[in-house]
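This report refers to the structure that appears directly beneath it.
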């Protein structure tokens, strides 16, 4: 069926004005060149809603009911690593057949997005409290103090393949919530350990650390720290 051309806002307003002036639907239609049925529909809408504007259209009904939306939202909130396939199966068992794309769109409307899980150091409660205490103690330190600090860390790089990855459903700014992260440890086979440091002056050298730190690797790390200290002192001078 061919679509009919929508009447302009001015024409719809004229129909209402002529109706209020006492003209019949037939007379209005002949004067404006509009079908009588269209004139009647516009007048009925104006009487009901007191407007000639287009009303919001409901569109196609949602595939997932409000109860279903609550169910899958609750599921991924408890376990952010739940896959779309798992949710499709859960809904199918409840009598609702949907696609993975529908799952993604539904969760996105709930403020949940599929993101790669952040990798963070594996910390126990003691570590967490100590780090939080240190952060609070230095919260108001001036910028000049941080220019005297050397930062160092080590990382593990897989020699074959890559570190396992997973995706989580999370809300904005929730990437560091424990449920949305992957704890990491600094050991394991089939990889190399790298150590480095940096300061306000710039980065230090990147060195390889053997699996078990021995005298040679400790000397190399200490030497690298000393080089960075020299760079920092030269920068401050």
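The values are calculated or read from the model by the stated rules, or taken from the named source; none is laboratory data. What you see is a predicted model, and the numbers here were worked out from it, not measured in a lab. Glycine gets a Cβ as well: all are built from the backbone with ideal geometry, and neighbour counts include every protein chain shown.
Overview of results
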| read-out | value |
| --- | --- |
| Any hit, the stretch 84-91, residues being within 30 Å of residue 166 (Cα to Cα) and free of Cβ contacts under 8 Å to residues at least 12 places away in the same chain | yes |
| The stretch 176-188, residues that are modelled with pLDDT of 80 or more and touching a strand residue (DSSP E or B) at 6+ places or on another chain (Cβ under 6 Å) | 181 |
| Condition check for residue 30: closer than 28 Å to residue 174 by Cα and either out of contact with any helix residue (DSSP H, G or I) (no Cβ under 9 Å at 6 or more places or on another chain) or not in a loop (DSSP other than H, G, I, E, B) (or both) | no |
| Filtered residues of the stretch 15-31 (kept if surrounded by fewer than 13 Cβ atoms within 10 Å (Cβ to Cβ) and under 16 Å from residue 47 (Cα atoms)) | 17, 20, 21, 22, 24 |
| Count of residues meeting criterion [under 27 Å from the mean Cα position of the chain (by Cα) and exposed (fewer than 14 other Cβ atoms within 10 Å of the Cβ)] in the stretch 125-156 | 4 |
| Of all residues making up the stretch 82-95, the number that are more than 23 Å from the chain's Cα centre (by Cα), over 12 Å from residue 71 (Cα atoms) and surrounded by 16 or more Cβ atoms within 10 Å (Cβ to Cβ) | 0 |
| Number of the condition not met by residue 136 [criteria: (1) part of a loop (DSSP other than H, G, I, E, B); (2) over 30 Å from residue 62 (Cα atoms)] | (1) |
| Residue match in the stretch 189-207 (condition: modelled with pLDDT under 65, surrounded by 12 or more Cβ atoms within 10 Å (Cβ to Cβ) and not in a loop (DSSP other than H, G, I, E, B)) | no |
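Residue-wise test of (1) in contact with a strand residue (DSSP E or B) (Cβ under 8 Å, 6 or more places away or on another chain); (2) more than 30 Å from residue 94 (Cα to Cα); (3) buried (at least 16 other Cβ atoms within 10 Å of the Cβ).
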| site | (1), (2), (3) |
| --- | --- |
| 33 | no, yes, no |
| 38 | no, yes, yes |
| 43 | no, yes, yes |
| 51 | no, yes, no |
| 55 | no, yes, no |
| 65 | no, no, no |
| 74 | no, no, no |
